[in-house]
Amino acid sequence: MSDRAITLERAGLQSLVVDRGRFGLRHQGVGWCGALDLRSYTIANELVGNSEGAAAIEIVLGDVIVRFETASQFALAGADCGAELDGVPVATWSPHAACAGARLILRRPRAWMRTILAVDGGIDVPLVLGSRTTDLIAAMGGLAGRALRAGDRLALGPASRTARRAPVASPDIDCVLRTIAQPLSDHLWDRTWTVGHESNRMGYRLKGDAMPHDLGMLPSRAVFPGFIQLPPSGEPIVLLSDAQTTGGYPLAGVVIEEDLWKLGQAPIGAQVRFVRWE
Amino acid sequence: MHEFGAPNLRRVGQSTIVLECDDTSTAMQQRLWALARVARSWPHIGEAVIGAGNLSVVFDGRVVAYEALRVELEAAWERTLGDAVSERTIEIVVRYGGDEGADLRDVAEACGLREDEVIALHASATYVVAFVGFLPGFAYLDGLDERLRLPRRAAPRTRVPAGSVAIAGAQSGVYPFDSPGGWHVIGRTAQRMFDPDREPAALLQPGDRVRFVPA
């Protein structure tokens, strides 16, 4: 039993305990609900030497204060929130050491949406159906199945002994989504789409020069993160981590796994394009 | 004896195979339940999800090639007879109408029935779980009386309360959690449809028989 812990003094807009996801139960209606930017999640864990699948915190638009109850290694990846540890700037995409009692302040980022905070040992919440990630709809996983609040204390696993990864350069983001074509994909190409207001962890609704269709609903079938659904309005919905497990809208294409993180970092109003990927 | 057409198999995206038939009969679903159960036991399969007359399988492309898995699935389909409909019947107690069944009046009007006739028809049928999907523990129930079949609501609700008992098309279902939804809500149950501490977590499993009992 480890008494290592962190406490959130400010929780921001929406901070969630996440891991890669809750897999193998979509036939029971259970979504994956993993980190929206899996790329940043993976890098942050590697930077502190965590085992693959350790739970971290996904923060939306910064504005978070974390107090380290015990000495810890930590790393931030994703949106650069101008973070400071006891007043000293700390770089994103790089591992850092915090003393017991140190306070980490994240401000609102100038670009990008989400920041992953990984702490060595990982966030130690109970496994629920094989995962620690938060499922907001079923109110399970994470901390009591909900977004984190100010005052929440999160236990950490035992400090890791594995080698830490060296700092990495911040990846470029281009909002070009490589997409595997489907019969209806002609609706997608050669135009720019704007991330709409009704976008969330279930899916991003895109607005633009849409072509309505009258195909209506099809027999229900499995859908997965990356699937692009086409409701009758013709405005595509790209499904993300918290997507429902079945749906009836026609499929307009599938965004490849390697590019889904870009949507996790695209704010409302961002412009995105789809390009054909073979 | 049910005549099955040959299924169509195709790849969707990087790592999903969809097997589908133009057939959403219970006999077809029974065969899909069995095929999904078999596929889930294969080590290179991450998910095997049934829909209405279709099965989607997510595979690990580092371990198995699409063509090899396609052949494997076709062979499994040929040998699969189908799982039986369960002997057990699960009863779900429903308070119909009022605030908890906000669409009961509209459903009655659209079907040319009285509200008590809608309740009687909904509660007299025995349903079979065709598949589970959408939300954790949401069971798609086949067996809705033909007189109650309506298209989904023109405008989906942004929030349907947990426990809502609803109908759409040829199916009925119970919303396990607060969620958006486009089905017609005719009542509510206090039954917990999904509990991660229970095994299995979803109360209703494919093949289960279900009856609704007015409170």
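The values are calculated or read from the model by the stated rules, or taken from the named source; none is laboratory data. Fair warning: this is a prediction, and the values are worked out from it, not measured in the lab. Please note: Cβ atoms are built from the backbone with ideal geometry, for glycine as well, and neighbour counts cover all protein chains shown. Ligands, DNA and RNA are stripped out before the accessible areas are found, and what is left, the full protein with its side chains, is counted by its heavy atoms. Shrake-Rupley method; radii C 1.70, N 1.55, O 1.52, S 1.80 Å.
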*Taking every residue in A:189-199, how many Cβ atoms of other protein chains lie within 10 Å of its Cβ, on average?*
0
*Within 10 Å of each Cβ in peptide A:211-220, how many partner chain Cβ atoms are there on average? Round it to a whole number, please.*
3
_Over all directions, how big on average is the projection of the convex hull of the alpha-carbon atoms in the stretch A:142-278, in square nanometres?_
11.8 nm²
*Over the stretch B:132-215, what percent of the accessible surface lies on carbon and sulfur atoms, probe 1.4 Å?*
49 percent
*Give the whole-number value, in cubic angstrom per residue, of the convex hull volume spanned by the C-alpha atoms of chain A.*
123 Å³
*Per residue Cα convex hull volume for the stretch B:58-150, in cubic angstrom?*
172 Å³
*Put +1 on the Cβ of every Lys and Arg and -1 on every Asp and Glu Cβ in chain B; which of B:119, B:140, B:163 then has its Cα farthest towards the positive end of the dipole?*
B:163
*What residues in the stretch A:11-25 lose 20 Å² or more of accessible surface when the other protein chains are added to their chain alone (1.4 Å probe)?*
A:24
*Tell me, what does the Kirkwood hydrodynamic radius of the stretch A:18-85 come to in angstroms if you use every pair of distinct C-alpha atoms?*
13.5 Å
*asked:* I want to verify a result. In a Gaussian network model of chain B, Cα cutoff 10 Å, which of these has the top mean-square fluctuation: B:41, B:56, B:124?
replied: B:41
*Neighbouring partner chain Cβ atoms per residue of B:195-202, average, 10 Å criterion*: 4
*Estimated dipole of chain B in Debye, rounded to 20 [Cβ of Lys and Arg +1, of Asp and Glu -1, Cα centre]*: 320 debye
*Ratio of Rg to Rh for the stretch A:5-155, alpha carbon only, Kirkwood?*
0.95
*Comparing the chain by itself with all protein chains present, which residues of the stretch B:114-160 are at least 50 Å² less accessible (probe 1.4 Å)?*
B:134, B:136
*asked:* Below 8 Å between Cα atoms, with a sequence gap of 6+, how large is the relative contact order for the stretch B:8-79 in percent?
replied: 32 percent
_Carbon + sulfur, % of accessible area of the stretch A:184-278 - ligands and nucleic acids excluded, 1.4 Å_ = 52 percent
*Å³ per residue of the Cα convex hull, for the protein assembly as shown?*
156 Å³
_Qualifying chymotrypsin sites (Phe, Trp or Tyr not before Pro) in the stretch A:171-260, DSSP loop, other Cβ atoms within 10 Å at most 15_ = A:189
*For the protein assembly as shown, with every protein chain kept in place, what is the accessible area per residue (1.4 Å probe, Å²)?*
42 Å²
*Across the stretch A:260-265, in residue order, what do the Karplus-derived ³J(HN,Hα) couplings come to in whole Hz, using 6.51 cos²θ - 1.76 cosθ + 1.60 with θ = phi - 60° and x for Gly and Pro?*
5, 4, 4, 5, x, 9
*Would you look at the GNM of chain A, springs on alpha carbons closer than 10 Å, and say which of A:13, A:117, A:61 moves the most?*
A:13
*Quick one: with all protein chains in place, what share of the accessible area of the stretch A:28-169 is carbon or sulfur, to the nearest percent (1.4 Å probe)?*
53 percent
*Which residues, if any, in the stretch A:253-268 have at least 30 Å² less accessible area in the whole protein complex than in the isolated chain, probe 1.4 Å?*
A:257
*Could you sort A:38, A:25, A:230 by accessible area so the largest value comes first, with the probe set to 1.4 Å?*
A:38, A:25, A:230
*Semi-axes of the stretch B:89-214's equivalent ellipsoid from the Cα gyration tensor, sqrt of 5 times each eigenvalue, largest first, rounded to whole Å?*
22, 16, 13
*Kindly compute the accessible surface that chains B and A hide from a 1.4 Å probe when together, both sides summed, and give it to the nearest 100 Å².*
2600 Å²
